[in-house]
Amino acid sequence: MKIFIDPGHSGPVEPGAVNYQLELTEADINVGIGLFLWPLLESEGHKVLFSRAGPVDDSIGDQLTWRTDKANAWGADLYICLHCNSFADPAAHGAEVLVAHNASRASFELAASIQNELVCLGLTDRGVKTQSLFIARTQMPAVLIEHGFLSNMVPPDGRNMSDAEILRDRQLDLAAADMRGIQKFLQEWRG
């Protein structure tokens, strides 16, 4: 399988969510998770193309379509977009996987499989949701993974780490959950 990994946001120009207390940016967290996910997928025999391994300046023109255009041109079989959530209320927490409106059945099943694996890590289940997303431009099943809330600094009941701490300290675990979700989806989809 050809899997396109897209760490969301772009670095200094557009860092995404920022946790000033922990000095974390969403752009950096997304790349960190992706750099763990890449070799995990390759170890399972997949070919991987990364949209970016560091900062990029996508401030000129359309900031998002170059990502989906690159995946489409490569002929990717799956599009995995990595993100973190943020909200004004620091109590907001949990993982969710997004698909575009009118997404394929395969996209929904991929999203559910990844969501299940993130919940198995102990993250609160915010479910699979649909939104108007740029990933609708892909020609393959596509998901946008919100691994947790970078703004969450207080561990939810029953957990000893906040989402922000998990995003900072457990990037390999998050990548492994993504990989397990992808693998389970592929086994069922092909099976």
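The values are calculated or read from the model by the stated rules, or taken from the named source; none is laboratory data. Being a predicted model, the structure only gives us computed values, none of them experimental. Here the Cβ is made from the backbone with ideal geometry for all residues, glycine too, and neighbour counts use every protein chain on show. Just the protein is used for accessible areas: all its heavy atoms, side chains included, with ligands, DNA and RNA removed. Shrake-Rupley method; radii C 1.70, N 1.55, O 1.52, S 1.80 Å.
Below is a table of values for the structure above.
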quantity	calculated
Karplus 3J(HN,Hα) series, Hz, for segment 31-36 with 6.51 cos²θ - 1.76 cosθ + 1.60 (x for Gly, Pro)	5, x, 5, x, 5, 7
Mean Cα-pair separation over length for segment 125-164, i.e. relative contact order, pairs under 8 Å, 6 or more apart, %	26 percent
For the chain: accessible area per residue (Å², 1.4 Å)	45 Å²
Surrounding net charge for Pro90, when Lys and Arg each add one and Asp and Glu each subtract one, Cβ distance under 13 Å	-3
Gyration tensor (alpha-carbon) shape descriptor, the chain, a/c threshold 1.5	oblate
Size of charge dipole - the chain - debye, nearest 20, with Cβ of Lys, Arg +1 and Asp, Glu -1, no other charges	580 debye
Inter-centroid distance (Cα atoms) of segment 107-136 relative to segment 1-72, Å	18 Å
From phi via Karplus (6.51, -1.76, 1.60), per-residue ³J(HN,Hα) for segment 111-121 in Hz, x at Gly/Pro	4, 5, 5, 5, 4, 4, 5, 5, 5, 4, 6
Whole-number percent relative contact order across the chain, with pairs defined as alpha carbons under 8 Å at least 6 apart	27 percent
Sequence-distant lysines (8 or more away, or on other chains) whose Cα lies within less than 19 Å of Lys2	Lys47, Lys70, Lys184
Of all DSSP beta bridges in the chain, antiparallel share, percent nearest 5	20 percent
FRET efficiency, Tyr20 to Phe108 (Cβ-Cβ, R0 35 Å, nearest 0.05)	0.45
Around Met153: net Lys/Arg minus Asp/Glu count, Cβ-Cβ under 10 Å	-2
Cβ-based charge dipole, the chain, positive-most Cα from Ser107, Pro39, Ile29	Ser107
Positive minus negative residues near Ala71 (Lys, Arg vs Asp, Glu; Cβ under 14 Å)	+3
